[in-house]
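Read the structure below first, then the notes.
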2 protein chains.
Amino acid sequence: MTRTATLPDIRPAAPTAGDATRVAVSTVIFTLRRDRGADRASVVIPLVRRTRDPHEGLWALPGGWLDVAESLDTAAARTLAETTGLAPSFLEQLYAFGAVERSPSRVVSIVYWALLRSDEVIAADARENVQWFDAASLPRLAFDHNEIVDYALWRLRNKAGYSRIAHGLLADEFTLAQLREVYEAVLGRRLDPANFRRQVENSGNLIPTERFRTGSHRPARVYRYNQDVELADRGPLVRH
Amino acid sequence: MTRTATLPDIRPAAPTAGDATRVAVSTVIFTLRRDRGADRASVVIPLVRRTRDPHEGLWALPGGWLDVAESLDTAAARTLAETTGLAPSFLEQLYAFGAVERSPSRVVSIVYWALLRSDEVIAADARENVQWFDAASLPRLAFDHNEIVDYALWRLRNKAGYSRIAHGLLADEFTLAQLREVYEAVLGRRLDPANFRRQVENSGNLIPTERFRTGSHRPARVYRYNQDVELADRGPLVRH
DNA sequence: TCAAAAGTGTTGCTGCTACACCCATGG
DNA sequence: CCATGGGTGTAGCAGCAACACTTTTGA
């Protein structure tokens, strides 16, 4: 459970032959951070500092080796928990990266991407070697991980257009302003509150509650997601 | 060049240890077939008959093992050429399948999908063990390949909505009726000729030529694709 | 009473669908 | 000249962006 938080050791290890191709699993985890004072939330991702040689000291995506007896989905969830302690509400395969020269030895990385609700973030912060970075301004990462994060960000923004991606980033109950803030952070632009309200109300994804959240000004109605409408954008692929 | 056309032998082979996870690459190749007399074209894919034990005799997707010194993209193109003789104009990664029980030994398959232009199909037909099937009515395939084809079909239809997918299925020059036929076959429904024309003309993807194709009735203008407008739907991932 | 966010109404633009209609060619 | 597909015109509807406007609260 408390393995060293690091990407797999790339040096030829015991279980496999030295020249064989090995399969790793990594995950890009998105969540939002509301900086006090900042007028907009920003997209942040957790990275792990490498403690072994290829790219020692650089930051890298959390991940690990695929076990012989576990599926890719399971491996993604497991390595994520081991390196960061996180258990995201949304976890989906992103892309398989397999360029020959992306690592000193031959590694094919099956990369996942994940969304973390604001109330799930807490656990990870205490971890040694884990740190959160603003996705828009990352340092140089190990391997091809900068490229991977760029692709994941592109996918996040893309999917926000036609899917209920915000579900994975919010707690169960929320106001429309909070929901709008999520979309604004992901898309990187302001949205008209009036039009946003109508769009989201007409989508049928939201259920209004009778509760109100009282803040600085007029109280806002609290909504929750309609669990029936499951986003069918993974096609015929069944989960679990 | 003329290896036996078959999926990789799944039995533990020489190069790798018996219990290691191995990486295979497979491809779902789509093209259109115009049946004489039929009023609509249909989507067909080439399959390879397995000549070795796991699922011997069943039809399977063309593919093979990933070499240690080649990228995933290269492996997809190579195994495709070796098993079917085809070199598609469009080749893109689809998904990585890695359930534990999808094969007797542990195999992670990186699956690609490809589009073949009607003028590229010829070469493959002569192959032993290669046969074309209507994508809508497949027999039981080896491994989890039925599920894989379903997913690829879903992706094809999805992408047809927002992308110039037909480019990969047509020759360089074509009439609007031919282009429309492609979309009708992929989407599985009729499209209004008048509205289709306007949509596609306004998209800016087509360049009208001065040539006309004279058929049974009024000659139709010949178009070709605007090469400048490259479909930017793979995001920041650069090819080659 | 004032600022600011919550929430409603309205207008105009755009893109799409449906369908009527004209054009050009082979038979 | 007629059947058929190529190609144009147009009316209606739906969705969305822009923005004016009303409501409700804390300070």
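The values are calculated or read from the model by the stated rules, or taken from the named source; none is laboratory data. All values reported here derive from a predicted model rather than from experimental measurement. All Cβ positions, glycine included, derive from the backbone under ideal geometry; neighbour counts span all protein chains shown. Accessible surface is based on the protein model in full, side chains and every heavy atom, while ligands, DNA and RNA are left aside. Shrake-Rupley method; radii C 1.70, N 1.55, O 1.52, S 1.80 Å.
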Do we find that residue A:130 is hydrophobic (A, V, I, L, M, F, W, C) and more than 18 Å from the chain's Cα centre (by Cα) in this structure?
no
Among the candidates B:110, B:148, which residue alone is in contact with a helix residue (DSSP H, G or I) (Cβ under 6 Å, 6 or more places away or on another chain), in contact (Cβ under 8 Å) with a residue 24 or more places away in the chain and not in a loop (DSSP other than H, G, I, E, B)?
B:110
For the range B:76-90, which positions are hydroxyl-bearing (Ser, Thr, Tyr) and within 14 Å of chain A (Cβ to nearest Cβ)?
B:79
Every pair of residues 6+ apart whose Cβ atoms lie under 7 Å, when the first sits in the range B:176-201 and is free of Cβ contacts under 8 Å to residues at least 12 places away in the same chain while the second is more than 9 Å from DNA strand D (Cβ to nearest atom)
B:178/B:170; B:190/B:184; B:191/B:183; B:191/B:184
Do we find that residue B:177 is small (Gly, Ala, Ser) and touching a Leu at 6+ places or on another chain (Cβ under 9 Å) in this structure?
no
Filtering the range B:156-170 for residues that are within 16 Å of DNA strand D (Cβ to nearest atom) and either within 14 Å of chain A (Cβ to nearest Cβ) or assigned to a loop (DSSP other than H, G, I, E, B) (or both) leaves a count of 3
Could you check residue A:176 against (1) closer than 17 Å to residue A:89 by Cα; (2) within 11 Å of DNA strand C (Cβ to nearest atom); (3) of a type outside the set (D, E, K, R) and say which number it fails?
(1)
Of the residues in the range A:207-222, those that are part of a strand (DSSP E or B) and either out of contact with any Leu (no Cβ under 8 Å at 6 or more places or on another chain) or not assigned by TED's automatic domain parsing to the domain that holds residue A:177 (or both) number 8
So how many residues does the range A:91-121 have that are within 12 Å of another protein chain (Cβ to nearest Cβ) and under 22 Å from residue A:50 (Cβ atoms)?
17
Residue by residue through the range A:86-135, note down the ones that are open to solvent by 20 Å² or more (accessible area, probe 1.4 Å) and among the acidic types (Asp, Glu).
A:101, A:119, A:120, A:125, A:128, A:134
Is the range A:205-221 home to any residue that is in contact with a Pro (Cβ under 9 Å, 6 or more places away or on another chain) and near DNA strand D (Cβ under 10 Å from one of its atoms)?
yes
Output the residues belonging to the range A:144-161 that are open to solvent by 30 Å² or more (accessible area, probe 1.4 Å) and modelled with pLDDT under 95.
A:154, A:155, A:157, A:158, A:161
Pull up the range B:87-107, narrow it to residues that are in contact with a strand residue (DSSP E or B) (Cβ under 6 Å, 6 or more places away or on another chain) and either not assigned by TED's automatic domain parsing to the domain that holds residue B:148 or not in a strand (DSSP E or B) (or both), then point me to the one that is farthest from residue A:68 (Cα to Cα).
B:88
Any residue that is among the aliphatic types (A, V, I, L, M) and within 16 Å of DNA strand D (Cβ to nearest atom) - is there at least one of those in the range A:124-134?
no
Filter result for the condition that a residue is in the same structural domain as residue A:131 (by TED's automatic domain parsing), modelled with pLDDT of 95 or more and part of a loop (DSSP other than H, G, I, E, B), over A:35, A:67, A:53:
A:67
Determine which single condition residue A:189 fails, assuming it passes every other condition in (1) assigned by TED's automatic domain parsing to the domain that holds residue A:28; (2) in a loop (DSSP other than H, G, I, E, B); (3) more than 18 Å from residue A:48 (Cβ to Cβ).
(1)
Do we have residue A:71 as surrounded by fewer than 20 Cβ atoms within 10 Å (Cβ to Cβ) and within 11 Å of chain B (Cβ to nearest Cβ) here?
yes
Right, residue B:103: in contact with a Gly (Cβ under 7 Å, 6 or more places away or on another chain) and over 16 Å from residue A:95 (Cα atoms) or not?
no
Would you say residue B:198 is assigned to a loop (DSSP other than H, G, I, E, B), open to solvent by 70 Å² or more (accessible area, probe 1.4 Å) and of a type in the set (Lys, Arg)?
no
Picking from B:185, B:194, the residue that is within 16 Å of DNA strand D (Cβ to nearest atom) and more than 15 Å from the chain's Cα centre (by Cα) would be B:194
